Amino acid sequence: MIVSVNINGVDRSADVEPRLLLSDFIRHHVELTGTHVGCEHGVCGACTVLVDGRAVRSCLMFAVQADSCEVTTVEGLAGEGGEADLHPLQEAFREKHGLQCGFCTPGMLMTLVPFLEENPSPTEREVREAISGNLCRCTGYENIVRAVMHRVEQGLTGEARAHG
C-alpha cells in the first residue's frame, strides 16, 4: 500500500506492507531515529509521536493508519537551528538534567508537549500523572518533573514545530 504522511513538515510516501508499524515506518523508511522502540506493546512510551497533534504510541499504530496525517517526531520539536533552536521543553530538560541515558526522553517530550498545550499551568501531581505511562529507568522522574515545572514557571510552552 502507498502511504503518504507529512512528517515534521515534509511529505513522505512509501509503498509499505499493511502491517508495517508507524514506528518502523518512521525509523526505517524515513530514517528518523529519535522515535525509540522499547517494549513494542505500547507500555513504555518511548515511541510516542504526535499524530495530528495527539500523542500516539507509534508501536501500536500501523503506518497505513497515519496516511494523510501530520506526524511530529522529536526531531520536529527543534527548529532548523538545531541546539540553538530547541523547543522550550527540550531546553528545560537540558537545563534541569531531565535525562540520563536519554532513551525515554523523546517519548517523554512527545507526551508532555500536547499535555502542556492543553494544561499550561499544571501542578506537579498533574505532570506526574501525565507521564505515568512513560517508563524511565534512570532518573526516578525527579529531574524530569523539575524540568517541566521550571518551564511552566517560566511560562511555556512553545508549540510543536515541524521543520523540513
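The values are calculated or read from the model by the stated rules, or taken from the named source; none is laboratory data. Model, not experiment: these values are computed from the prediction. Quick reminder, even Gly has a Cβ in these numbers, built from the backbone with ideal geometry, and neighbours come from all protein chains shown.
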(message) So for region 102-110 (the condition being farther than 19 Å from SER23 by Cβ and at pLDDT 95 or above), does at least one residue qualify?
(response) no
(request) Kindly indicate whether ASP24 is closer than 27 Å to LEU99 by Cα and outside the structural domain of LEU109 (by TED's automatic domain parsing). (result) yes
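I'm trying to understand the selection: among the residues of region 107-140, which are of a type in the set (Ser, Thr, Tyr) and within 19 Å of ARG57 (Cβ to Cβ)?
Across region 107-140, the qualifying residues are THR111, SER132.
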(request) Could you list, in sequence order, all residues of region 21-59 that are basic (Lys, Arg) and touching a residue at least 60 places away in the same chain (Cβ under 8 Å)? (result) ARG54
(message) Could you check region 86-100 and list, in sequence order, the residues that are at pLDDT 90 or above, over 14 Å from the mean Cα position of the chain (by Cα) and surrounded by fewer than 21 Cβ atoms within 10 Å (Cβ to Cβ)?
(response) GLU91, ARG94, GLU95, LYS96, HIS97
(message) Pull out all pairs, ordered by first then second residue, where Cβ-Cβ is under 6 Å, the residues are six or more apart or on different chains, the first lies in region 142-164 and is of a type in the set (D, E, K, R), and the second is at pLDDT 50 or above and crowded, with 21+ Cβ neighbours inside 10 Å.
(response) ARG151/LEU89; ARG151/ALA92
(message) What's the number of the only condition in (1) in a loop (DSSP other than H, G, I, E, B); (2) surrounded by fewer than 23 Cβ atoms within 10 Å (Cβ to Cβ); (3) in the same structural domain as ARG27 (by TED's automatic domain parsing) that GLY45 fails to meet?
(response) (2)
(request) Looking only at region 9-20, decide whether some residue is in contact (Cβ under 8 Å) with a residue 12 or more places away in the chain, surrounded by 16 or more Cβ atoms within 10 Å (Cβ to Cβ), assigned to a loop (DSSP other than H, G, I, E, B) and touching a Phe, Trp or Tyr at 6+ places or on another chain (Cβ under 8 Å). (result) yes
(message) Checking VAL64 against (1) farther than 14 Å from ASN134 by Cβ; (2) among the aliphatic types (A, V, I, L, M); (3) at pLDDT below 95; (4) crowded, with 17+ Cβ neighbours inside 10 Å: exactly one of these is not met. Which one?
(response) (3)
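Could you check, for region 22-39, whether at least one of its residues is assigned to a helix (DSSP H, G or I), under 16 Å from the mean Cα position of the chain (by Cα) and of a type in the set (Ser, Thr, Tyr)?
Going residue by residue through region 22-39, those that are assigned to a helix (DSSP H, G or I) are 22-29.
Subsequent filtering for residues that are under 16 Å from the mean Cα position of the chain (by Cα) retains 22-27.
So of that shortlist, the ones also of a type in the set (Ser, Thr, Tyr) come out as 23.
Yes, that holds for at least one residue.
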